[in-house]
Amino acid sequence: MNTLQTDNAPSLSVVLPPFVIGALAFFSLSLLIIFSGADILGPFYNGRLLAITHLAVLGWATMIVFGALYQLIPVVFETALFSEPLAKASTYLFTISTAFLAYSFWTDSFSTILIYASSLMFFSVALFVLNVLLSKKNGKKNIQSRFVTTAVIWLLLTALFGLLISINFTFPFLEKVHLDYLKIHAHLGLLGWFVLLIIGVSSTLIPMFLIAHQLNEKKLSGAFYLINFGLALLAIDWIIWNGSILVYFYWLLISAGIFLYLSFVREAYVKRLRRELDIGMKYTIISIIILLIPVALSLLILVQINFEYTLLMRITTLYGFSIIFGLITTIILGQTYKTLPFIIWLYKYKQLVGKVKTPMPKELYSEKIGRIQFYAYFLSMASLASALLFNKILLLEFGSYFLLLTAVLYNVNVFKIILHKIKTEGL
């Protein structure tokens, strides 16, 4: 954990708001899933499902990533964040735009509010990307930093595509139907932004937390080029031809890159010196394994062997679900317990180390609550995934309430960490 400590770390006023906003968005997201009812089981392009998806990937996942990344940029880039005021501005503008985006989808306001919300979203993302790239300018250049900088560029392209789609609802100018552009928009975000960012950040944190050394980083370089090259070709193909026979080749490139990353994580796990996994690392390792599920589902969607249309739609929804909740949410739940306690501990106890006895970072939250949250979450995931696949409303209700329980327990621990009062014992 000491390698997370740096003199270039930003102030708490930059790092903490995204964690608070993200935790509250997770709670709101779980409520919307309950309120949406059977709409979750409908087509993946219905308004309520789009609202839930955007709140999940923006208000919950991306917001938590903002908070973690602001703390980790000095570690990965070995330089200070370019501008703290710029970081604060992008955080709050991003929050406002996410709320309006979710509202516009939930109320089917595609030709009114959506265009303004998307414009503000693109502007807030542009501020964030500018801050990261300017931070990177004088920072260390390594494979991890390349993953991060490339991921934020994909994020900007994702926001741009979203803006173009929203403009097209009011002022039609795009040649293809919205669903054709929606799949490009979704893959730029899920693969380009999230998967690449997860690989870049986790390839730093996993060896650090497992205490694993002398790993083969050539696997990461291979993953970087294969995934980026495959995604770029896939997006171009979809824009020009709406999917040619070469899509199978692009899938192979991206999948090969993902398997190289999985091989790197496996190597770190095998060589680890810290044998016992805490709650945070259990989440993290499971999330990495789950990455195999969307790889398999995407191949099923490509092949479409005698699938009925309704089954294909359910598999497509499950594919997105497996990335958003299986991979992204799982790894965020895990890494929150690794990064946030240390951030707060460092702020409150850094000057007291060696003078008085201080608690460990893991003592800032309740491990009992964390364990209950762990089982509640995976029970909800199994139920929700089964509901999506087999179209069962009872499983949907069961899973959604356990997801709400997960969100409540997560918020309890997050606020327990943030509101921690200094406790010392004289030596």
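The values are calculated or read from the model by the stated rules, or taken from the named source; none is laboratory data. In this text the structure is predicted, and so the values were computed from the model without any measurement. Here the Cβ is made from the backbone with ideal geometry for all residues, glycine too, and neighbour counts use every protein chain on show.
State which residue is farthest from Tyr377 (Cα to Cα) when the search covers only region 307-325 and only residues that are buried (at least 20 other Cβ atoms within 10 Å of the Cβ) and touching a Pro at 6+ places or on another chain (Cβ under 7 Å). Filtering region 307-325 for residues that are buried (at least 20 other Cβ atoms within 10 Å of the Cβ) and touching a Pro at 6+ places or on another chain (Cβ under 7 Å), the one farthest from Tyr377 (Cα to Cα) comes out as Tyr319.
Does region 266-286 contain at least one residue that is surrounded by fewer than 14 Cβ atoms within 10 Å (Cβ to Cβ), over 25 Å from Ala385 (Cα atoms) and of a type in the set (A, V, I, L, M)? Yes, there is a match, as at least one residue in region 266-286 is surrounded by fewer than 14 Cβ atoms within 10 Å (Cβ to Cβ), over 25 Å from Ala385 (Cα atoms) and of a type in the set (A, V, I, L, M).
Quick check on my filter: what residues within region 216-245 are under 22 Å from Gly189 (Cβ atoms) and either in contact with a Pro (Cβ under 6 Å, 6 or more places away or on another chain) or surrounded by fewer than 20 Cβ atoms within 10 Å (Cβ to Cβ) (or both)?
First pass over region 216-245, keeping only residues under 22 Å from Gly189 (Cβ atoms): 220, 223-243.
Within region 216-245, Tyr225, Phe229, Ala232, Leu233, Ile236, Asp237, Trp238, Ile239, Ile240, Trp241, Asn242, Gly243 meet the criteria.
The listed residues are Phe173, Phe169, and the only one of them that is aromatic (Phe, Trp, Tyr), surrounded by fewer than 20 Cβ atoms within 10 Å (Cβ to Cβ) and outside any helix (DSSP H, G or I) turns out to be Phe173. Checked against the criterion of being crowded, with 22+ Cβ neighbours inside 10 Å, under 21 Å from Leu127 (Cβ atoms) and of a type in the set (S, T, N, Q), the candidates Ser97, Ser11 yield just one match: Ser97. Scanning region 229-263 for residues that are in a helix (DSSP H, G or I), free of Cβ contacts under 8 Å to residues at least 40 places away in the same chain and farther than 17 Å from Thr158 by Cα yields Ile240, Trp241, Phe249, Tyr250, Leu252, Leu253, Ala256, Gly257, Phe259, Leu262.
So which of Phe171, Phe128, Phe122 ends up being modelled with pLDDT under 95 and of a type in the set (Phe, Trp, Tyr)? When all the criteria are applied, what remains is Phe171.
Based on this model, can you work out whether Lys141 counts as over 18 Å from Thr62 (Cβ atoms) and modelled with pLDDT under 95? Step through it out loud before you land on a result.
Numbers: over 18 Å from Thr62 (Cβ atoms): yes; modelled with pLDDT under 95: yes.
It is true that Lys141 is over 18 Å from Thr62 (Cβ atoms) and modelled with pLDDT under 95.
Of the candidates Ile288, Ile315, Ile305, the single residue that is outside any helix (DSSP H, G or I) and either aliphatic (A, V, I, L, M) or touching a strand residue (DSSP E or B) at 6+ places or on another chain (Cβ under 9 Å) (or both) is Ile305. Would it be correct to say that Thr336 is crowded, with 21+ Cβ neighbours inside 10 Å and hydroxyl-bearing (Ser, Thr, Tyr)? So Thr336 passes the test.
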